[in-house]
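Following: one structure in structure tokens, then a few remarks.
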Amino acid sequence: MSRRTKMELVAGLDMGSGRVTCLIGAPDAATGAVKVLGGSSVVCRGLKGGVVINIIEAASAVNRAVEEAEAASGSTVSSVWLGVRGSHLQSFNNRGAYNIARTDREITADDVTSVVASARAIPLSSDREILHVVPQGFSLDRQRGVPNPVGMEASLLEVDVHLVTASSAHLSNIMRAVAQAGFEIVEPVYGLLAAGELLVTPEEKELGCVLIDLGGQSISLGVYCEGALKYSKEIACGSDFITRDLAVGLKTSIATAERIKIKHGIAHPTLLNGDADIECHGIDGRTPLRVKTSTMMGIILPRVEELFCVVADDLQNSSYADVVAPGGAILTGGGALMPGMEAAASQILGVSVRRGVPHPDLVEVDEAWLSPAYSTALGLLYYSTTPRWAGVDARTVARKRPLWMRKLVLAVEDIFK
């Protein structure tokens, strides 16, 4: 494959729960679809629940993931769209208003930018910053339900927005790890938001549904209705809890428990076919063990039930439980790979559940990358091609400075510290 110029490419870097995934793609300007050229996913001990706990390990994993993705795609990139997650992210809804004082009263793109800016003008503590301002819908002279007011006429323009905020320290640490690996950040993106653009259909967004990204150490929830994201939440638990339960219950290592979970794990009793023996080793890696499938299920099923009960309780407390019934739930993330997860989620949540798979018209990708484990990285590629309303703050502009300038700023900060 001939090497492509970096201007033709986009790279999505998902900093997840203990893994770093990088996909490189080429957008098609005519169709809006993205062709995935190559990718890589590596284990990272410098991440925990989407938060950097060892910046050297994290930077090394980023470097390895991007270099392997470059080798697989036959291309080179210098910048990435950075996917973030974790319980340090918090979100809420707000409303902004803007008076159109001109005599013609025709709404322009600048007016839209101004009303969105008024909606994001909220008091925040010094240790937090706004990551996203997502318009949910506009109102013209109190008339709601306008998706795009540009070119229309009104005296009062209002907007409802969904605000996603992040811990400044945690976000800076993730960005530092990427910078130390030698790559620029085009934009930090909430991974759930990127995955939702790719996996949730317009019909589901309109009717009402919930996107559940089941990661290793966190669960991301996104409720859609009336065509927009209405609620999002990061929950500090995930599929790694199942692995730990297996390791403790079977008296084996984490690595062995993870292998057993992936190869033999079942999340719903209807899938049990006989009670076979599973051969593995004890925690020392040498002592042979035989584990019954029923014994393994006795450990897995209570934890799966607990995870989805936590999701159900959160939806109930958010007052959005009834909203998601028409479209049901879309399940994605690495934790969704275990057979029976959809059935377990449907039984506990009381709604229809499907596995999140990208529409073939949106991404052209090898079968290996269609796994739910890579949906955020795929979503980042697609997110990079979708238009959004402006409203960039000064810190985001600073992130788009040349790499040498940002490294100089970080060096000066370290000196003063």
Fluctuation leader among Met152, Met175, Met338 - the chain, Gaussian network, Cα springs under 10 angstrom:
Met152
Region 90-167: spread of alpha-carbon positions along the three principal axes, whole Å, largest first, is 43, 21, 17
Report the paramagnetic label zone for Thr108: residues of region 122-160 whose backbone N is under 12 Å from a point 7 Å from Cα along the Cα-to-Cβ axis.
151
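Rounded to the nearest 5, what % of the DSSP beta bridges within region 202-358 are antiparallel ones? Each step should come with its number before you reach the end.
Details: 18 of 25 bridges.
Beta bridges within region 202-358, antiparallel portion: roughly 70 percent.
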Could you order the peptides 91-104, 28-41, 270-283 from most to least packed, using the average number of other C-beta atoms within 10 Å per residue?
28-41, 91-104, 270-283
Cβ-defined net charge surrounding Gly49, 12 Å radius [Lys, Arg +1; Asp, Glu -1]
+1
Mean-square fluctuation maximum in Gaussian network of the chain, Cα pairs under 10 Å, restricted to Arg64, Arg128, Arg142, hits Arg142
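Near Ile242, within a Cβ-to-Cβ distance under 14 Å, what is the net charge of the other residues, with Lys and Arg +1 and Asp and Glu -1?
Numbers: positive: Arg244, Arg259, Lys261, Lys263, Arg303; negative: Asp240, Asp245, Glu258, Glu305, Glu306.
Within the 14 Å Cβ shell, the charges total 0.
On full extension of the chain, what length is gained from Asp322 through Arg120, given 0.36 nm per residue of separation minus the C-alpha to C-alpha distance?
Full-extension gain reported as 69.9 nm.
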Computed over the chain, the relative contact order (Cα-Cα under 8 Å, seq sep at least six) in percent reads 18 percent
Along the Cα→Cβ direction, 7 angstrom out, place labels at Asn273 and Lys251. What is the inter-label distance in nm?
3.2 nm
Calculate the all-directions average of the projected area of region 330-380's alpha-carbon convex hull, and give it in nm².
3.8 nm²
Can you compute the charge dipole magnitude of the chain about its Cα centre, using +1 on each Lys and Arg Cβ and -1 on each Asp and Glu Cβ, nothing else charged? Give it in debye, rounded to the nearest 20.
1100 debye
Under 5 Å, built H, 5+ apart or other chain: amide partners of Glu364:
Val34, Lys35, Val36
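For the chain, report the % of Cα-Cα distances exceeding 34 Å.
Here the long-distance tail beyond 34 Å is 34 percent of all Cα pairs in the chain.
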Cα→Cβ-extended label distance, 7 Å offset, between Ile283 and Asn54, nm:
2.1 nm
Where both partners of a DSSP beta bridge lie in the chain, what percent of those bridges are antiparallel, to the nearest 5?
75 percent
Taking the Cα of Thr295, stepping 7 Å toward and past its beta carbon, and measuring to each backbone N in region 243-283: which are under 14 Å?
246-253, 257, 275-283
Can you sort Arg144, Arg120 so the residue with the fewest Cβ neighbours within 10 Å comes first?
Arg144, Arg120
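Is it possible to state the helix-based mean residue ellipticity at 222 nm for the chain, with each DSSP H run of 4+ residues giving -39500 (n - 2.57), the sum divided by total residues, to the nearest 500 deg cm²/dmol? What is it? Don't skip to the answer; put the middle values down first.
Values: 12 runs with 144 residues, N = 417.
Result for the chain, helices only: -10500 deg cm²/dmol.
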Candidates Val20, Val84, Val310: whichever shows maximal mean-square fluctuation once the chain is modelled as a Gaussian network with Cα springs under 10 Å:
Val310
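A short reminder: the numbers here are calculations on the coordinates, not readings from a lab. All values reported here derive from a predicted model rather than from experimental measurement. No Cβ is skipped: glycine too gets one built from the backbone with ideal geometry, and neighbour counts run over all protein chains shown.
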